[in-house]
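Below: the structure, in structure tokens.
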Amino acid sequence: MDLDVVNMFVIAGGTLAIPILAFVASFLLWPSALIRIYYWYWRRALGMQVRYVRHEDYQFCYSFRGRPGNKPSILMLHGFSAHKDMWLSVVKFLPKNLHLVCVDMPGHEGTTRSSLDDLSIDGQAKRIHQFVECLKLNKKPFHLIGTSMGGHVAGVYAAYYPSDVCSLSLVCPAGLQYSTDNQFVQRLKELQESAAVEKIPLIPSTPEEMSEMLQLCSYVRFKVPQQILQGLVDVRIPHNNFYRKLFLEIVSEKSRYSLHQNMDKIKVPTQIIWGKQDQVLDVSGADMLAKSIANCQVELLENCGHSVVMERPRKTAKLIVDFLASVHNTDNDKKLD
């Protein structure tokens, strides 16, 4: 074989080997970097752009797609210790003509974290209202979606700022008072009584604890490689002290039942989505909300746990779109597509 041809194959092989080796090295040595690249890639692929906006000395980070139009804008509030990118799996299945906004909740990801910030549910609702006013998102009433802690905040927001919101989707929201505690809540109360806050199951600090948290939150049993578990932990560990502070605030007497105390003030059409096998927040909460909110419909998902957004993104998106169509469509606009 001609020497030039041999050299060409060597150079080509070397060129291909570099990105492959870089990927393998990232996977084995820096899995947290790979996770960040993953979110960056999916934001780009789905057309989500990241922006920052300030209210006085406070900075909000958010991603968005589309522009306000005839249909209501959609504001999405993530859960405890998550971030705006948790919604990407649902965004993938939402129509591209909808105006979507996903914000990092107070203290999370790119939004300001301040030791002076009020992290109670009331305080978070007020912060989100500042964000809404910065974007003038409430120039027309918008559709508000929240999951878990974000659902708690979203429900309270709809009660406090009724003119801002035209409709509401609550995905397995926190903030309800149950007659009996489930196993998870009983465990939390025991940890609080023993002051063992470093053992909170939703704040993992090892790959093993991360695996346990995923099993707690999901009905589907994901087989996650050890390197990815390590990467997920590495990303979270620098923030765990904040997460502990936040967690103790939202389960305090001031905040724990804020949604329960305000649910009868929610007047907009409301959708409840809940996984039937939720081990974190009992699915019976859906019935409580349905009995207290006048215009409310409930969707219970079989074979689904607390992480509805991650486990059933396509179904979640379809339910949201169908709900918006049923509530907001005119005779000349029958579909949100």
Taking the condition of being polar (S, T, N, Q), part of a helix (DSSP H, G or I) and surrounded by fewer than 12 Cβ atoms within 10 Å (Cβ to Cβ), how many residues in region 186-206 meet it? 1
Residue by residue through region 126-159, note down the ones that are part of a helix (DSSP H, G or I) and under 15 Å from the mean Cα position of the chain (by Cα). Ile128, Met149, Gly150, Gly151, His152, Val153, Ala154, Gly155
Before we move on, is Glu109 within 14 Å of the chain's Cα centre (by Cα), farther than 18 Å from Cys296 by Cβ, open to solvent by 10 Å² or more (accessible area, probe 1.4 Å) and among the acidic types (Asp, Glu)? yes
List, please: which pairs have Cβ atoms under 7 Å, are six or more places apart or on different chains, and start with a residue in region 299-328 that is closer than 21 Å to Gln277 by Cβ and end with one that is in a helix (DSSP H, G or I) and open to solvent by 60 Å² or more (accessible area, probe 1.4 Å)? Leu301/Lys315
So is Asp85 among the acidic types (Asp, Glu), over 17 Å from the mean Cα position of the chain (by Cα) and either in a helix (DSSP H, G or I) or surrounded by fewer than 20 Cβ atoms within 10 Å (Cβ to Cβ) (or both) or not? no
Taking region 160-185, which residues are part of a helix (DSSP H, G or I) and either charged (D, E, K, R) or within 19 Å of Glu299 (Cα to Cα) (or both)? none
Cβ pairs under 7 Å, 6+ apart or interchain, first in region 211-223 and touching a residue at least 12 places away in the same chain (Cβ under 8 Å) and among the hydroxyl-bearing types (Ser, Thr, Tyr), second exposed (fewer than 14 other Cβ atoms within 10 Å of the Cβ) and not in a helix (DSSP H, G or I), ordered by first then second residue, are Tyr219/Asn303
What's the number of the only condition in (1) in contact with a Ser or Thr (Cβ under 8 Å, 6 or more places away or on another chain); (2) at pLDDT below 95; (3) of a type in the set (D, E, K, R) that Lys71 fails to meet? (1)
What are the residue pairs meeting all of these: first residue in region 33-50, first residue on the phi < 0 side of the Ramachandran plot and touching a residue at least 40 places away in the same chain (Cβ under 8 Å), second residue part of a strand (DSSP E or B) and of a type in the set (Gly, Ala, Ser), Cβ atoms under 6 Å, and 6 or more apart or on different chains? Met48/Ser63; Val50/Ser63
Residue check: is Gly13 at pLDDT below 85 and either over 26 Å from Leu281 (Cβ atoms) or open to solvent by less than 60 Å² (accessible area, probe 1.4 Å) (or both)? yes
Name the residues in region 207-247 that are more than 17 Å from the chain's Cα centre (by Cα), among the aliphatic types (A, V, I, L, M) and either under 16 Å from Phe184 (Cβ atoms) or open to solvent by less than 20 Å² (accessible area, probe 1.4 Å) (or both), would you? Met210, Leu229, Val233
Please name all residue pairs, on different chains or six or more residues apart, with Cβ atoms under 9 Å, provided the first residue is in region 232-252 and is over 14 Å from Ile200 (Cα atoms) and assigned to a helix (DSSP H, G or I) and the second residue is open to solvent by 30 Å² or more (accessible area, probe 1.4 Å) and among the aromatic types (Phe, Trp, Tyr). Asp234/Trp30
Go through region 63-82 and count every residue that is within 15 Å of Leu144 (Cα to Cα) and either among the aromatic types (Phe, Trp, Tyr) or open to solvent by 30 Å² or more (accessible area, probe 1.4 Å) (or both). 3
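The values are calculated or read from the model by the stated rules, or taken from the named source; none is laboratory data. Since this is a predicted model, take the numbers as computed values, not measurements. Note: ideal-geometry Cβ built from the backbone for every residue, glycine included; neighbour counts use all protein chains shown. Quick note on the areas: whole protein, heavy atoms, side chains included, nothing else; ligands and nucleic acids left out. Shrake-Rupley method; radii C 1.70, N 1.55, O 1.52, S 1.80 Å.
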